[in-house]
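Okay, structure first, notes after.
Please treat every number below as a calculation from the coordinates, not as lab data. Bear in mind the structure is a predicted one, so any value in this text is a computation, not a measurement. Note that we place each Cβ from the backbone using ideal geometry, even for glycine, and neighbour counts take in every protein chain shown.
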Amino acid sequence: MTLRLEHDGPVARLLIDRADKRNAVTLAMWQAVPGLLAQAAALPDLRVLVVQAARAGGAFCAGADIGEMLANRDDAVWQAANQAAMIAATGAIAAFGLPTIAFVDGEAVGAGCAVAMACDVRVATPAARLGVTPAKLGLVYPLADLARLVDLVGPGQARRLLFSAQLVDAAEARAIGLVETVADTPDALVAAMAAASRHSTRALKALVRRALAGQRAEDDQTGAEFLAAFAGADFAEGAAAFAARRAPQFRA
């Protein structure tokens, strides 16, 4: 399979496995993403989802499959289906209820960069190169993906990346905010997120989404969630662990 889900305790991995095509994504792969994420969301013990290439040393994702796009350039029905599937796939990643990490080893270009940007956090290896390259192909970028780029790097850097179609290395991507961490492996961050309270991370992710949508003032729902947490089992365990100077053991 070119796209699959693997699960080990609190960690699930969405693996892109099409190394012979530099993990370029086909229509069928885009269409598979929401269903695989729904499977991940149903895992009762899940704490974090990692999106990564199945095989080390290649590309994270070279983008949409240009060969498939060229073969269907005169098929308006296919083009509409492909556009809808791409938007639905990155939207499903962005809307996933628990923390997500993109582990970018090698190239994340075009739609591949969009996949990474849809995750909550990006960890890049020193070998990573990232770029938003529709201007090299005479194409444009979906608005939701473009908005995520602007949220990450700001409008000036977004314009530079979009208008030049240049790739940036891991160090520059870290400097401008396109990735959060440069490391050989995401394991330390994955372990930290997997050990955190699922209740907290789910609620905090929803609050970040509200903030990105422009909300700044507390409302009845956010205020109630803040107060209700003090009566929760996770706060009881977290407080007990803090008092005992031990690591908390949160239940799924």
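Tabulated results
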{"quantity": "Residue within segment 226-236 that is within 22 Å of VAL121 (Cβ to Cβ) and touching a Phe, Trp or Tyr at 6+ places or on another chain (Cβ under 7 Å) present", "calculated": "yes"}
{"quantity": "Qualifying residue in segment 91-111 (condition: under 16 Å from VAL208 (Cα atoms), among the polar types (S, T, N, Q) and in contact with a strand residue (DSSP E or B) (Cβ under 7 Å, 6 or more places away or on another chain))", "calculated": "yes"}
{"quantity": "Failed item in (1) under 18 Å from ARG18 (Cα atoms); (2) touching a helix residue (DSSP H, G or I) at 6+ places or on another chain (Cβ under 6 Å), with PHE103 passing the rest", "calculated": "(2)"}
{"quantity": "Subset of segment 109-126 (residues that are in a loop (DSSP other than H, G, I, E, B) and either under 19 Å from ALA165 (Cα atoms) or under 12 Å from the mean Cα position of the chain (by Cα) (or both))", "calculated": "GLY110, CYS119, ASP120"}
{"quantity": "Segment 217-232, residues that are without any contact (Cβ under 8 Å) to a residue 12 or more places away in the chain, among the acidic types (Asp, Glu) and part of a helix (DSSP H, G or I)", "calculated": "ASP220"}
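Yes/no matrix, rows are residues, columns are (1) surrounded by 14 or more Cβ atoms within 10 Å (Cβ to Cβ); (2) assigned to a helix (DSSP H, G or I); (3) free of Cβ contacts under 8 Å to residues at least 24 places away in the same chain:
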residue	(1), (2), (3)
VAL150	yes, yes, yes
GLY154	no, yes, yes
PHE163	no, yes, no
MET193	yes, yes, no
